[in-house]
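*Asks:* This structure is in structure tokens; I'll ask about it shortly.
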Amino acid sequence: MSVKCVEMDNENISHSVTLTPRLEYSTLLLDEIVDVISQKRNNLKQSNKDLIFDFDETDKTHLQSIELERIMAFSLEVLTLAKKKTKSITNVQSIPQVLPSSIPLIRTISAQLYELIPDCSQKLSKLSVHLGSIVLDSAALTHASFDFSQSNIESSTLLDEVKLMVDSKISKQYPNVDFFKLSNT
């Protein structure tokens, strides 16, 4: 990713140039995390495939296995969305429009994975700090302003959409599971 600089003084140019390696590092870190979660999700899907036909709603391990797979699927979808947004950045001016809503998405998944995959949770926390500093620095360079309320609304809407999509996929994958009971356990 290259950052386009248009008539900036020397101080702004040096700040702008430092955004590129930080953004590249953030993208690599996000790729690494997505790969780990993708592998975990695939492993869970494989180990849960017997539950398609042999699901016992009274067996807590069955419920926990499917819930864990749902969490991994949800995390993977949200982080893939954040990854697409991050990779869509074309210049320093696009950063304040693209990244602010991704940070709450990443923090939400970090909190969700805290006990399940502590290493990924910690890396996601680190990533959110990096992205936050990139957003603030890019805003200073471009004189952008933020509406954090709008960013929170956008990320909440995205989380709700992904949750519906993932719940639909999981319920199709496990047609014998009563997901109302699953979500209330």
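*Asks:* Filter the stretch 18-69 for residues that are free of Cβ contacts under 8 Å to residues at least 12 places away in the same chain and part of a loop (DSSP other than H, G, I, E, B) and give the result.
*Replies:* Listed by number, the residues that qualify are Lys49, Asp50, Asp56, Thr58, Asp59.
*Asks:* Only one residue in Arg22, Arg70, Arg41 is open to solvent by 30 Å² or more (accessible area, probe 1.4 Å) and under 20 Å from Ser155 (Cα atoms). Which one? Break it down into steps so the answer makes sense when it comes.
*Replies:* Numbers: Arg22 fails: under 20 Å from Ser155 (Cα atoms); Arg41 fails: under 20 Å from Ser155 (Cα atoms).
Unique residue meeting the criteria: Arg70.
*Asks:* Still on this structure: So, of the residues in the stretch 25-38 that are of a type in the set (A, V, I, L, M, F, W, C) and open to solvent by 30 Å² or more (accessible area, probe 1.4 Å), which turns out to be nearest to Leu131 (Cα to Cα)?
*Replies:* From the stretch 25-38, those of a type in the set (A, V, I, L, M, F, W, C) are 28-30, 33-34, 36-37; that's our starting set.
Subsequent filtering for residues that are open to solvent by 30 Å² or more (accessible area, probe 1.4 Å) retains 28, 36.
Numbers: Leu28: 12, Val36: 20 Å.
Once the filter is applied, the top-ranked residue is Leu28.
*Asks:* What tally of residues in the stretch 108-155 results from selecting those that are open to solvent by 40 Å² or more (accessible area, probe 1.4 Å), closer than 18 Å to Lys84 by Cβ and touching a helix residue (DSSP H, G or I) at 6+ places or on another chain (Cβ under 8 Å)?
*Replies:* Here the count works out to 2.
*Asks:* Given the criteria within 11 Å of the chain's Cα centre (by Cα) and either surrounded by fewer than 19 Cβ atoms within 10 Å (Cβ to Cβ) or modelled with pLDDT of 90 or more (or both), does Leu76 qualify? Can you show your working first?
*Replies:* Values: within 11 Å of the chain's Cα centre (by Cα): yes; either surrounded by fewer than 19 Cβ atoms within 10 Å (Cβ to Cβ) or modelled with pLDDT of 90 or more (or both): yes.
So Leu76 fits the description; yes.
*Asks:* For the stretch 79-87, check the following and say yes or no: at least one residue is modelled with pLDDT under 95, of a type outside the set (Gly, Ala, Ser) and more than 15 Å from the chain's Cα centre (by Cα).
*Replies:* No: zero hits.
The values are calculated or read from the model by the stated rules, or taken from the named source; none is laboratory data. Every value quoted in this text rests on a predicted model; they were computed, and no experiment measured them. No Cβ is skipped: glycine too gets one built from the backbone with ideal geometry, and neighbour counts run over all protein chains shown. For the accessible areas, the whole protein counts, side chains as well, though only heavy atoms, and no ligand, DNA or RNA atoms are used. Shrake-Rupley method; radii C 1.70, N 1.55, O 1.52, S 1.80 Å.
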